[in-house]
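**Student:** Sharing a structure below in structure tokens format, with a few things to ask.
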Amino acid sequence: MRALGIDVGVRKGLDLVVLDGRPAPIETRRRVPIKALGSIIEELAPDAVAIDAPPRWAFGHRGSRLTEREIRRFGIQVFGTPSHDRSDHPFYEWMRVGFAVFKEAERRGFPRYSPPGSPLETAMEVFPHASAVVLAGCLPPRGTDKRRWRREILVARGVKVEELASADQVDAALAALTGLYALRGACFAPGDPKEGVIVLPARTLPPPPYRRCPSRATADDEQPHLPGFTPCACGDPGCTALTKSEFAPGHDAKRKSMLWKLARSGQEALDELRRREWDPPAEMR
């Protein structure tokens, strides 16, 4: 599976990043004009297109869509998409560019995603800030550098960021990563599909609102990390899980089994088993 992430700009053009689950992006492009997008979509042949922009104006006479109001309930700030009669301000020009991107994607065989249907071969709306919060499990710490925090989230999810030369490309990569999650079935999209929904990289969200991630211990710490998460302590060399507690779900059983195997020859393992008050499995009693 591969997903094309698109960050939309008015004067700068489009930033594109393609991810397929491997660490390094398989394609990155900058300042792409809309007139070139169609042929690039055909060339890159993604399974889904994830666009950082709404596909249309809001219904009725409101200043936002239902999907945006639902996401705000979780403490995630998001720009409101107004109804057409309120859209005259120059600020909304980037949304018009987004509409054109959705239309071009549809012309190339990627109609707008509408839940609960499959995201395969569709174009979906994403919001990199919201995706970052969902992947981190918390809001960014106050005063944090937005680009750096989002890069760290990508790194924590196994994406190499060395080729991402700008904040726009980081956002395009988060869009592509959200598209990959959706293709794999981890997809939550609140709101009214008729006026457009923002796709988030999770099957469900925790009870609102999200709290802020803890601040860095030191400002000059250069080691990439995901605030609020640590590597799983199960000890399995192949485990890459990140967790808010000591173990990823179910991985305490891995550690317990490993320690009981070591217990026959190591007092240190026995001491840890006693400290954790873990009884031996039935087959070793």
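**Student:** Could you list all residues from segment 149-163 that are under 13 Å from Leu135 (Cα atoms) and basic (Lys, Arg)?
**Tutor:** Across segment 149-163, the qualifying residues are Arg150, Arg151, Arg157.
**Student:** A further question on this structure: Consider segment 56-78. How many of its residues are surrounded by fewer than 23 Cβ atoms within 10 Å (Cβ to Cβ) and over 18 Å from the mean Cα position of the chain (by Cα)?
**Tutor:** 11
**Student:** Would you check which residues across segment 91-110 are assigned to a loop (DSSP other than H, G, I, E, B) and over 22 Å from Asp171 (Cα atoms) and list them?
**Tutor:** Arg108, Gly109
**Student:** Of Val170, Val199, which residue is within 20 Å of Thr28 (Cβ to Cβ), touching an Asp or Glu at 6+ places or on another chain (Cβ under 9 Å) and crowded, with 23+ Cβ neighbours inside 10 Å?
**Tutor:** Going through Val170, Val199 in turn, just one is within 20 Å of Thr28 (Cβ to Cβ), touching an Asp or Glu at 6+ places or on another chain (Cβ under 9 Å) and crowded, with 23+ Cβ neighbours inside 10 Å: Val170.
**Student:** Filter segment 123-157 for residues that are in contact with a Ser or Thr (Cβ under 7 Å, 6 or more places away or on another chain) and modelled with pLDDT of 95 or more and give the result.
**Tutor:** Val126, Ser131
**Student:** Something else: Whether any residue in segment 121-144 is among the basic types (Lys, Arg) and either crowded, with 20+ Cβ neighbours inside 10 Å or outside any loop (DSSP other than H, G, I, E, B) (or both) is what I want to check.
**Tutor:** No, that holds for no residue.
**Student:** For segment 17-68: of the residues being among the charged types (D, E, K, R) and in contact (Cβ under 8 Å) with a residue 60 or more places away in the chain, which is nearest to Val159 (Cα to Cα)?
**Tutor:** Across segment 17-68, the extreme among qualifying residues is Asp20.
The values are calculated or read from the model by the stated rules, or taken from the named source; none is laboratory data. Small disclaimer: the values here were computed from a predicted structure and weren't measured. Please note: Cβ atoms are built from the backbone with ideal geometry, for glycine as well, and neighbour counts cover all protein chains shown.
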